[in-house]
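Contents: one structure, followed by commentary.
What follows is calculated from the coordinates using simple rules that are stated; it is not laboratory data. Worth saying up front: this structure is predicted, and the values here are computed from it rather than measured. Backbone-built Cβ (ideal geometry, glycine too); neighbour counts: all protein chains shown.
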Amino acid sequence: MRKFTTHAGVAAPLVRNNIDTDAIIPSVEMKRVSRHGLSDGMFAAWRYLDRENRVPNPDFVLNRERYQGASILLSGINFGCGSSREHAVWALAEYGIRVIIAVSFGVIFRSNCLANGILPISLPSELIEQILCYIDEDPQKHKLHIDLAKRTITATDDFIVHFDIGDSDADMLLNGLDPVDLTLRQDDQIRAFQQKDRLNRPWVYL
Amino acid sequence: MGKTLFDKLWDLHTVADLGDGEALLYIDRIFLHERTGSIALQSITGKNRHIRMPSHVFVTMDHIVDTFPGRGDDTLMPSGREFIETTRAEAKAAGIQLFDIGDKRQGIVHVISPELGIALPGLTLVCPDSHTCSLGGLGALAWGIGSTDAEHALTTGILRIRKPRNMRVTFTSELKPGVTAKDMILHLIGRFTAAGGNGHAVEFAGPAIDSLSVEARLTLCNMAVEFSAFTGLVAPDEKTIEFTRGRTYAPRGAAWKNAAAHWQSLISDADAHFDAELMIDCAEIKPSVTWGTSPQHTVSIDGCVPEPDEERDPVRRRAMIRALDYMGLKPGEPMKNIPVDAAFIGSCTNARLSDLRPAAEYLRGRHVAEAVRAVVVPGSTTVKAAAEAEGLDRIFTEAGFEWRESGCSMCFYAGGETFGLGKRVISTTNRNFEGRQGPGTRTHLASPLTVAASACTGKITEAGDVELAESTRPQGSAA
């Protein structure tokens, strides 16, 4: 799995609540049985004036000159709600997004981020507002530096925001662990559970 | 201190407590569909890994298949065939049960899993589909996951999960006539927002829940994800136990008796602690309908499109203005004045037999308005056959509805069928997001009864109003 340790980049504001995964990657953009080739369709309904011919919408935040090369998204409440499609995260990752800072996340989307080396950071809206004020002057100059081990977002020496993330989520990202391998390390426990469970709930086993 | 139903289900499936609120949970059933399951299966094959419990894994074709009569592997959606063929080949190679096109057990995943007894009370069930929470209506611990987690669950039989907090939503007093489970969940989300359940497993309780049918409880729990909950749950009761009896994959004989006895213990203890409690008085719930582009944009059907100027939060206000623009509506407009171009009855929310019956009953002797395109898509091939045995298909078609094969159909747009740009649809589905039913398509979520009534008048209509007007019309007067 893709590691995440530190990241510095341009941040772009998509400050709306309830941005759903249909908006992040419309169903119609999920054309193949594949995790790849999705970034072109990311935010397609908002990003293009003419989706089929890929005519960019100059007003969409990621199309604006000042946010070119953005790798950090700032958003509102419940980012990534809706459909479980991991394609939303695959599209964001392929586009180059490494960090999403939002008030809260859709639960499935958040897990999908962790599985693909994107760091989901939850912050109160007041702090997100402060970060927005800071980057607004010149997003290309006012980059954000994120250090996962230290749990910090650094804007300037005197503007450092601390965030919380569970230790195991952080470990997965910091070490780029494969969750399947990690779980299989506890295979003895799984087998023992199953043996006992077969006696307790025999009807479960087909 | 006592345990909640969710705590009990969590503890029953905990293989290892990892500390910090995390655990390895044992997964009893995995369901896949051709949309997202195909990728998980392909990825497992690619890594030369294997499915741990193939007999506990099921696959259906629902998301991409067409619902036109006489359908095959070709789809209106470009490249749909690839999803279907990949899924079929991978399912065969993995030795897992597939409910293929043409199979009489085929249908929408969350409709067929209770129908076949694959989802049962007390089981953990996951599927790479967000509406897996529907099965909480049976008292199963069921939730949607991504494809990577599906791969994890398939290969290890386990998922690593941080335990959500406990919430209880109690529905007190009785539902008014014409108010359904769909109206209850829309009302809840409208009042407490689309993020209201974030971080929580939500148990629905109270006298109004006790009186709901099992199928209605599936509808209610279906939209727990629209409330941003980890999942929804209803404690199993006698109705649930009866519902499971004799289902294809349900236990039989002595095993069934033991299972049923176990299921009866799956209730929240009287002294269980909930981190959050919400109360809703059902007397306040009217048939509900959405006006905007989030399920939280819900109002009572006799209400009006809200006024953004009255919203103090700037982010929410901007969202409302944006939604009004997308929906082509003006603040203050009565919902019942809004004309509709199309009516859709279907989806994992509202396409079970108990959804089709009241809609058909309403439509008997009535007809869809001239300019309205109306489509009904049964939730499963079994539902379709049962409905046809009762003659519901004829009522729908005589009323002017198209009667389809089972599948997810126009609940979402994948490049195939849509009602079209700018078309306004009254729909029994679960998501009114921008573009969900097609580019520029405007969705109003409602119950099957409201959809049936609106289809007939060509504008958003409360079924009860029409029935009342007809019953008080003097005899012999013109129709």
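Values as computed for the structure displayed
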item	result
Amide H within-cut-off set for B:LEU32, under 5 Å, with H built and near neighbours excluded	B:PHE58, B:VAL59, B:THR60
Trypsin sites (Lys or Arg not before Pro) restricted to the stretch A:21-121 and DSSP loop, no more than 15 other C-beta within 10 Å	A:ARG32, A:ARG54, A:ARG64
Chain lengthening between A:HIS162 and A:ALA149 when straightened (0.36 nm per residue, less Cα-Cα)	3.6 nm
Estimated inter-spin distance, A:THR5 and B:GLU402, nm [label 7 Å along Cα→Cβ]	5.6
Between the stretch B:181-204 and the stretch A:144-176, the alpha-carbon center distance in angstrom	32
Distant-in-sequence amide H partners of B:ILE118 (H built 1.01 Å from N, under 5 Å)	B:TYR249
GluC sites (Glu not before Pro) within the stretch B:157-251, DSSP loop, no more than 15 other Cβ atoms inside 10 Å	B:GLU174
Angle in degrees between helix B:314-327 and the longest Cα principal axis of chain B, rounded to the nearest 10	60
Principal axis dimensions, largest first and in whole angstrom, of the stretch B:1-143 by Cα	57, 34, 24
Within the stretch B:263-353, GluC sites (Glu not before Pro) in DSSP loop having at most 16 other beta-carbon neighbours inside 10 Å	B:GLU311
Antiparallel bridge percentage (DSSP; both residues within the protein assembly as shown; nearest 5)	35
Convex hull volume of the stretch B:396-479 per residue (C-alpha atoms, cubic angstrom)	109
Separation between Cα centres of the stretch B:329-398 and the stretch B:87-101, rounded to whole Å	32
Virtual spin-label span in nm between B:ILE321 and B:ARG49, 7 Å along Cα→Cβ	4.7
Förster-model FRET efficiency, 60 Å R0, A:GLU65 and B:SER173, C-beta, rounded to 0.05	0.55
Value in Å of the Kirkwood radius, where the stretch B:1-66 supplies the Cα pairs that are averaged	14.6
Backbone N within the stretch B:132-174 under 18 Å of label point (7 Å from B:ASP269 Cα along the Cβ vector)	B:166-168
Rounded if a/c under 1.5, otherwise prolate or oblate - the stretch A:6-175, Cα gyration tensor axes	oblate
Cα convex hull volume per residue for the protein assembly as shown (Å³)	153
Amide H contacts under 5 Å for A:ALA8, placed H, 5+ residues apart	A:ILE146
Simple label model, 7 Å out from Cα along Cβ direction - B:LYS104 to B:THR472, nm	4.9
Rounded if a/c under 1.5, otherwise prolate or oblate - the stretch B:145-264, Cα gyration tensor axes	oblate
Over chain B: Rg over Rh, Cα atoms, Kirkwood Rh	0.96
Average Cα contact separation per residue, the stretch B:34-165, under 8 Å, 6 or more apart, as relative contact order %	26
DSSP loop GluC sites (Glu not before Pro) with at most 14 other Cβ within 10 Å: longest gap in chain A	A:53-136
Efficiency of FRET between B:ALA371 and B:SER79 - r from beta-carbon atoms, R0 41 angstrom, step 0.05	0.80
